[in-house]
Amino acid sequence: MAVLTITASNVVIVSSSSNVIQQYTAGAAINAGQLFYVDTSNLAQISVNSSELAAGVIGIAMNTAEAANQPLQGLLKGTITIGTGTVGSGYYLSSTSGSLELESDQSSSDWVTFAGIITSTGVLEFQPLLSGAQR
């Protein structure tokens, strides 16, 4: 599988009136650029496509939370610079925790969560779609 490598220092929000940003409390260490979901205790956890709950991406981390109970700013919808990606390609939640991959890299039994499309060099239009479908 070809996981999209996002360097935390490359994660920058692109100014737009359509961006939706919200504050969370991390339930574990989460790096800027990682996808996350909110668990039953209302804590942000790193998403992964191997379980239905963890595949429920709600946002992409805008800052790094070094440990549990640290503040985490999340982009729920909008435009973000991630520094990498193929223009015109759609990216999905990966089996590598918090990461993105192309649809062609999805495996059987993965829970399918669309994350967004690279609209220009290194810029992701983030709009997660929770399909509720398992391959």
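The values are calculated or read from the model by the stated rules, or taken from the named source; none is laboratory data. Predicted, not measured: the structure shown is a model, and the values here were computed from it. As a convention, Cβ positions derive from the backbone with ideal geometry for all residues, glycine included, and neighbour counts pool all protein chains shown.
Annotations for the structure displayed:
- Of the strands (runs of 3 or more DSSP E) lying entirely inside the range 16-135, those containing at least 1 residues that are at negative phi and surrounded by fewer than 22 Cβ atoms within 10 Å (Cβ to Cβ) span 20-25, 35-38, 44-46, 71-81, 90-93, 100-102, 111-120, 123-134.
- All positions within the range 1-15 that are assigned to a loop (DSSP other than H, G, I, E, B) and either in contact (Cβ under 8 Å) with a residue 12 or more places away in the chain or of a type in the set (A, V, I, L, M, F, W, C) (or both): MET1, ALA2, THR5, ILE6, THR7, VAL11, VAL14
- Filtering the range 77-105 to residues that are over 12 Å from VAL48 (Cα atoms) and out of contact with any helix residue (DSSP H, G or I) (no Cβ under 9 Å at 6 or more places or on another chain) leaves LYS77, GLY78, THR79, ILE80, GLY85, THR86, VAL87, GLY88, LEU102, GLU103, SER104, ASP105.
- Test: GLN106 is at pLDDT 95 or above and out of contact with any His (no Cβ under 9 Å at 6 or more places or on another chain): no
- The combined condition, being of a type in the set (A, V, I, L, M) and within 23 Å of VAL11 (Cα to Cα), is not fulfilled by VAL112.
- Residue identified as within 13 Å of the chain's Cα centre (by Cα), over 21 Å from SER16 (Cα atoms) and among the hydroxyl-bearing types (Ser, Thr, Tyr) among SER97, SER104: SER97
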